[in-house]
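Since the structure comes first, as C-alpha cells, the remarks are kept for the end.
The values are calculated or read from the model by the stated rules, or taken from the named source; none is laboratory data. Bear in mind that the values here come from a model prediction, so they are computed numbers and not experimental data. Here Cβ is always computed from backbone atoms with ideal geometry, including for glycine, and neighbour counts include all displayed protein chains.
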Amino acid sequence: MAIRKRLSVTTAVAALAFTMPAFAADALSQAVEKNMPDLLTIYRDFHTHPELAFEETRSAAKLADEAKKLGFKVTTNVGKTGVVAVMENGPGPVLLLRTDMDALPLVEQTGLSFASKVRTKTPEGLNTGVMHACGHDTHMTTWIATARRLTAMKAQWSGTLVMIGQPAEERGLGAAAMLADGLFTRFPKPSIAIAFHDSASLPAGTIGYVDGYTMANVDSVDVVVKGTGGHGAYPHLARDPIVLAARIVTALQTLVSREIDPLESGVVTVGSFQGGTTHNVIPDEAKLLITVRSYTPQVRKQLLDGIARIAKGEAIAAGMPEDRMPTVTLRDNPTPATFNTHAVTSQLTGAFKKRFGVERVETIRPQMGGEDFGRFYLADTSIQSLLFWVGGVPHDKWDAAKGDITKLPSIHSPFWAPDPAPTIGAATEAMVTAALTVLAKK
C-alpha cells in the first residue's frame with residue numbers, strides 16, 4: 001500500500017475545458033447521511049455473501065435490480081457476469097462509473113458479526129473461505145448510493161451515464177472480458193471513466209489521488225530451469241538445476257538495483273521456488289514463479305527482457321548445453337498500469353477539495369499493486385481516466401497506530417475491515433461530485 005504523504009500540489013483548473021459548478025454540499029451530505037442506514041444494510045449483505053471472480057451472480061443481480069428500479073436501461077451478463085446500466089439524460093458527455101464485484105479466496109478473521117462464512121472451491125480446486133478483503137463490498141454499495149443520488153438529481157446534469165459492475169478485477173480479467181463483449185460498441189463509449197478504491201493506508205473518509213501512473217503493470221513470469229538429475233552424493237555426475245536457479249534468483253536482484261534508472265520504479269519478486277522431492281536426489285528441473293511490477297512500457301520491457309537474458313546467461317555460465325537452456329514464459333493476460341490523465345484528475349480533485357476541504361484531499365504516492373481499470377483508458381486513449389482512493393481505516397485505529405500503516409491490516413488481509421459509514425459516505429459524495437462536474441449543464 002502507498003505510504004500516506006502530504007505534498008503541495010498546484011492545479012490549473014481554470015485552464016481546463018470543463019466547468020466547475022458550485023455544489024450544495026450540505027444537501028448532498030444530508031441526503032447521503034439520511035440514506036446511510038439502508039446503505040449499511042446493503043453493505044453488510046454484500047459483505048456476508050462474497051463471490052469469487054466470474055461467479056458474482058448474486059452481487060450482479062442486486063446491482064441490476066437497483067438500477068432497473070431507478071430507471072436505468074440494464075444489461076446483464078456482459079463479460080460473463082458484468083452489469084451495464086445506462087441512463088440518457090439529454091446532450092452532453094458520456095461518463096462511465098465503475099465498481100468491481102469480486103471477492104478473494106480467504107477465510108475471514110475480522111470478528112465482525114456479519115463476517116463471511118462462505119466456503120467454495122477455487123478454479124484450481126482449492127477448498128477455501130471467501131471474503132471481501134479488498135473492499136469491493138464498499139465499492140458496490142457506493143455504486144448503488146451514487147446511482148440513487150444522480151437519479152434524484154437529474155435536473156442538475158446533462159449527458160449519458162454508464163454505470164458498470166465489473167467482474168474478476170482480482171484476477172485482472174474482468175475489464176478485458178467486458179471490453180471483448182462489446183462494452184464500447186454495444187453501449188455508449190465514454191469520454192471519461194472514473195472509479196475509486198478503498199484504502200487501508202488512509203483514515204476513513206480521506207480522499208487520496210495520484211496525477212499520472214497510480215497502479216502498476218503486473219506481469220507473471222514462469223522460469224523453468226533445466227538440469228540433469230542424479231544422486232545427491234555424486235553431484236559431479238549431474239547438472240544441478242537448484243543451484244542454477246538460486247544463481248538466477250540472486251542475479252535477478254540487479255535488474256532493479258543496477259539496470260533501471262533509479263528515478264524509475266520496478267519490482268522483480270520471486271514468489272515461488274520449486275524443485276526436488278527429497279534430500280538425496282538432484283532433480284531434473286526447478287521452477288521459479290516471478291511477479292514483475294512497473295509503470296512505463298519502457299521499464300516493463302527492460303525488466304522482462306532482463307529476466308530472459310539473466311536466465312540464459314547464468315545457464316551458459318553453468319555450462320548447460322543449448323538444449324537445456326531455461327524456458328521463460330510470460331503468463332497470458334498481464335494487468336496494465338492504471339494511468340490518471342492530467343486534465344480530469346486536476347479538475348475533479350479540485351472539485352473534491354471544494355467539497356471536502358483541502359485537509360481531506362491528499363496527493364499520495366503511486367502503488368505497485370495492480371488494477372485492471374487501466375484497460376478502459378488503454379482501449380481508447382482519447383478517454384480520460386481517474387482512479388482515486390477513499391480511506392477506510394477507522395479513526396480510532398488510525399490514531400492508535402499514529403498513522404503507521406505497518407501496524408494496520410492491509411487490503412487482502414483476512415483482518416481488513418474498513419469503517420463502512422465514513423468510507424461509503426465520502427466515496428458517494430466524491431463520485432456524485434465527479435459526475436455532476438463532468439456532466440454539468442452548459
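From the set of residues in region 379-419 that are among the small types (Gly, Ala, Ser) and not in a loop (DSSP other than H, G, I, E, B), which is nearest to Leu96 (Cα to Cα)? If you could, list the steps in order and put the result at the bottom.
Step one: of region 379-419, the residues among the small types (Gly, Ala, Ser) are 379, 382, 385, 391-392, 400-401, 403, 410, 413, 417.
Retained after the next criterion (residues that are not in a loop (DSSP other than H, G, I, E, B)): 379, 385, 391-392, 400-401.
Values: Ala379: 14, Ser385: 9, Gly391: 22, Gly392: 24, Ala400: 38, Ala401: 37 Å.
Going through the qualifying residues, I end up with Ser385.
Every residue, every condition in (1) touching a residue at least 60 places away in the same chain (Cβ under 8 Å); (2) out of contact with any Ser or Thr (no Cβ under 8 Å at 6 or more places or on another chain); (3) within 23 Å of Phe415 (Cβ to Cβ); (4) of a type in the set (Val, Ile, Thr), yes or no:
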site: Lys34; (1), (2), (3), (4): no, yes, no, no
site: Pro37; (1), (2), (3), (4): no, yes, no, no
site: Leu52; (1), (2), (3), (4): yes, no, yes, no
site: Met87; (1), (2), (3), (4): yes, no, no, no
site: Val94; (1), (2), (3), (4): yes, no, no, yes
site: Arg98; (1), (2), (3), (4): yes, yes, no, no
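Can you list the strands (runs of 3 or more DSSP E) lying wholly within region 91-194 that have 3 or more residues being over 15 Å from Arg375 (Cβ atoms), among the charged types (D, E, K, R) and in the same structural domain as Leu39 (by TED's automatic domain parsing)?
The strands (runs of 3 or more DSSP E) meeting that bar number zero.
Would it be correct to say that Ile405 is closer than 26 Å to Pro50 by Cβ and touching a Ser or Thr at 6+ places or on another chain (Cβ under 6 Å)?
yes
Can you tell me which residue among Val256, Val249, Val270 is in a strand (DSSP E or B) and surrounded by 13 or more Cβ atoms within 10 Å (Cβ to Cβ)?
Val270
Does Leu52 satisfy being among the aliphatic types (A, V, I, L, M) and over 24 Å from Arg375 (Cα atoms)?
no
Being over 16 Å from Thr428 (Cβ atoms), touching a residue at least 40 places away in the same chain (Cβ under 8 Å) and of a type in the set (Gly, Ala, Ser) narrows it down to one residue among Ala351, Ala379; which is it?
Unique residue meeting the criteria: Ala379.
Among the candidates Gly182, Gly174, Gly135, Gly165, which residue alone is under 20 Å from Thr57 (Cα atoms) and more than 20 Å from the chain's Cα centre (by Cα)?
Gly182
Evaluate region 289-297: report whether one residue or more is farther than 16 Å from Arg247 by Cβ, modelled with pLDDT of 95 or more and either over 23 Å from the mean Cα position of the chain (by Cα) or in a loop (DSSP other than H, G, I, E, B) (or both).
Kept after step one, since they are farther than 16 Å from Arg247 by Cβ, are these residues of region 289-297: 289, 291-297.
Within this subset, residues satisfying the condition of being modelled with pLDDT of 95 or more are 289, 291-297.
Still in the list and also either over 23 Å from the mean Cα position of the chain (by Cα) or in a loop (DSSP other than H, G, I, E, B) (or both): 295-296.
The answer is yes; a qualifying residue exists.
Hey, does region 363-383 have a residue that's more than 24 Å from Gly266 (Cα to Cα), of a type outside the set (A, V, I, L, M, F, W, C), under 18 Å from the mean Cα position of the chain (by Cα) and in the same structural domain as Ala168 (by TED's automatic domain parsing)?
So far as region 363-383 goes, no, none of its residues is more than 24 Å from Gly266 (Cα to Cα), of a type outside the set (A, V, I, L, M, F, W, C), under 18 Å from the mean Cα position of the chain (by Cα) and in the same structural domain as Ala168 (by TED's automatic domain parsing).
Give Leu288, Leu303 a once-over and let me know the one that is buried (at least 21 other Cβ atoms within 10 Å of the Cβ), more than 30 Å from His231 (Cα to Cα) and either β-branched (Val, Ile, Thr) or touching a helix residue (DSSP H, G or I) at 6+ places or on another chain (Cβ under 7 Å) (or both).
When all the criteria are applied, what remains is Leu303.
Just give me the residues in region 225-241 being in contact with a Leu (Cβ under 8 Å, 6 or more places away or on another chain), part of a strand (DSSP E or B) and surrounded by 13 or more Cβ atoms within 10 Å (Cβ to Cβ), in sequence order.
If we filter region 225-241 for residues that are in contact with a Leu (Cβ under 8 Å, 6 or more places away or on another chain), which is where we start, we get 225, 227, 230-231.
When the remaining residues are screened for being part of a strand (DSSP E or B), the result is 225, 230-231.
Scanning region 225-241 gives Val225, Gly230.
Out of region 308-330, which residues are surrounded by 13 or more Cβ atoms within 10 Å (Cβ to Cβ) and not in a helix (DSSP H, G or I)?
Listed by number, the residues that qualify are Ala318, Met320, Met325, Pro326, Thr327, Val328, Leu330.
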